Amino acid sequence: MSTTKNESVMVSFGKAHILGVASALAAGVWLGAAEAPTKLVNSGLSPFAISLCMVAGVFTARWTLPTLLKGTRYVFADLRQNRHLLLNAILAGMLWAVANTLTVFAIRDVGLTIAFPLWNTNSLVGLLWGRVLFGELKGASTKNIIKVVAGAFAIVAAAILLGFSTIQGSGPHASHAVAGILAAAGASLLWGTMYVPYRKAYISGMNPLSFVTVFTIGELITCFALVLTLDGGTHAAIFHSPETKHLIFWLFLGGFVWVIGDLFQQFATKYLGIGRAIPLSNTNQLWGLAWGALVFGELAHANPPHRLLVIAGSLVMIAGAVAVSTAVATERENTSINDALLRECCRYGLDYDRAIQSLRGTPTLIRKDTRAWWDYAIVAAALGIFVYLGCYARVPALAMNYPWFAVLVSILIAAALWAGRGLWKANRFS
């Protein structure tokens, strides 16, 4: 009887692993595309203003998508069950907002193709926190430990290689390389730490769709504070200049795209843990490279050695991420993770059965997903905002390769349908 029960548990965790991998890969595709609108820094907006506009889109999406998928009644019921996690969600949002602002500086100073791999060293930070706080890799097999260590060294080596290529390169960003690298490194540290509240929430049984609705409050407050304190206060150009109105739609859209990727990333963190979800979703660097090089032509004027270093660094970092993410948790490691879950349950008086079912991908908040009238009002308001901003939008004066743009957008849609269908069939996004 005990053997049968253990086999059932392993099957459940195996199913969760598949869901997590699919979610993380889809997250990589969407997160890679979301940073493309930050190319608008070349159009005169400050990084603080760009981050605020993106977060406005993020705020709208983080309330609209959960409403569409589950309804606000479900979301608020889940929040009531996990009130102790609300502060963690706000803190995570604040960390994200500062990190996102740093990425805009990094893109401005070293370009999208270079900045992406540098800040994706957040996988190292996530591995550390996952091991120390949640018992990830504790009791792991020797093979898995070797994969993680080798992958971590590969990521660090790739970051050094890419940093060297930026400093030695002759491109337009070379004179600002050091500032751009430091900004990307700061974003890496904050984004790696940001996953701690994620994991703490999901190991306690909270639904990612509920978590993100509170998460965005911290984002919005922090971005407003950055603009008010560091970008001219109430006199900042973003609040007054009519010249920026036609750019806001694209940044707003970029924030919306980022949320779709982040939702998949949230589910990946829930089902895979920090140490595996971050490296796998960091395949967004491949898609960031695709957008930067194929659509915006960032490598068009680079010399051959520069291009070789960028490509080699990207490939090495991807190899490291794959090595870490394919270290599938064994039964002994799952026992360590279960111990961390049990500690959370004892600390906050949570229902252990509900928490473990949620971690395996089984729905835990059983209620009919009914829609209230205000759900339709939320969706209508979001559409109204997009229509309003779209009326003022103009195609940015940036050189873009439109055939490649169409190809990458098609991949975006296919990835969302693939991963979304899996999550819906498995547990209705629970």
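The values are calculated or read from the model by the stated rules, or taken from the named source; none is laboratory data. Keep in mind the model is a prediction, meaning the values are calculated, not measured. Reconstructed Cβ throughout: ideal geometry from the backbone, glycine too, with neighbour counts over all protein chains shown. The protein model used for the area step is the full one, side chains on, heavy atoms only, and it has no ligands, DNA or RNA in it. Shrake-Rupley method; radii C 1.70, N 1.55, O 1.52, S 1.80 Å.
Worth pointing out:
- Debye log10 I(q)/I(0) for the range 281-326, one point scatterer per Cα, at q = 0.20 Å⁻¹: -0.67
- Cβ-based net charge around Ser141, under 12 Å, with every Lys or Arg adding one and every Asp or Glu removing one: +2
- Checked against a 19 Å cut-off, the cross-linked pairs Lys200/Lys425; Lys15/Lys138; Lys15/Lys200; Lys15/Lys425; Lys147/Lys200; Lys15/Lys147 give Cα-Cα distances beyond that limit for Lys200/Lys425; Lys15/Lys138; Lys15/Lys200; Lys147/Lys200; Lys15/Lys147.
- Gyration tensor (alpha-carbon) shape descriptor, the range 266-420, a/c threshold 1.5: oblate
- The distance separating the Cα centre of the range 39-111 from that of the range 212-237 comes to 11 Å.
- For the chain, Kirkwood radius (reciprocal of mean inverse C-alpha pair distance, Å): 21.9 Å
- Three semi-axes of the equivalent ellipsoid, the range 60-136, Cα gyration tensor, whole Å, largest first: 30, 20, 11
- The C-alpha radius of gyration of the range 229-346, expressed as a fraction of 2.2 N^0.38 Å, stands at 1.54.
- Listed by chain and number, the aspartates and glutamates whose C-alpha is less than 19 Å from the C-alpha of Lys270, apart from same-chain residues fewer than 8 away, are Asp78, Glu136, Asp262, Glu331, Glu333, Asp339, Glu344, Asp351, Asp353.
- When the Cα gyration tensor is reduced to axis lengths a ≥ b ≥ c, the ratio a/c is 1.5 or higher for the range 381-430, and with a/b not above b/c it is classed as oblate.
- Shape category assigned to the range 100-161 from the gyration tensor of Cα positions, a/c cut at 1.5: oblate
- Leading residue at positive end of dipole, the chain (Cβ point charges), from Trp258, Ile107, Leu294: Trp258
- Protein accessible area in the chain, 1.4 Å probe - carbon and sulfur %: 70 percent
- Taking every DSSP helix (H) stretch of at least 4 residues in the chain, weighting each as -39,500 (n - 2.57) and dividing the sum by the residue count yields a mean residue ellipticity at 222 nm of -26000 deg cm²/dmol.
- Under 5 Å between amide hydrogens, built in the peptide plane, is the criterion, and for Glu298 it picks out Ala293 among residues at least 5 positions away or on other chains.
- Rounded to the nearest 20 debye, the dipole magnitude of the chain is 980 debye, with +1 charges on Lys and Arg beta carbons, -1 on Asp and Glu beta carbons, and the Cα centre as origin.
- Projected-area average for the range 173-284 over all orientations - Cα convex hull basis, square nanometres: 8.9 nm²
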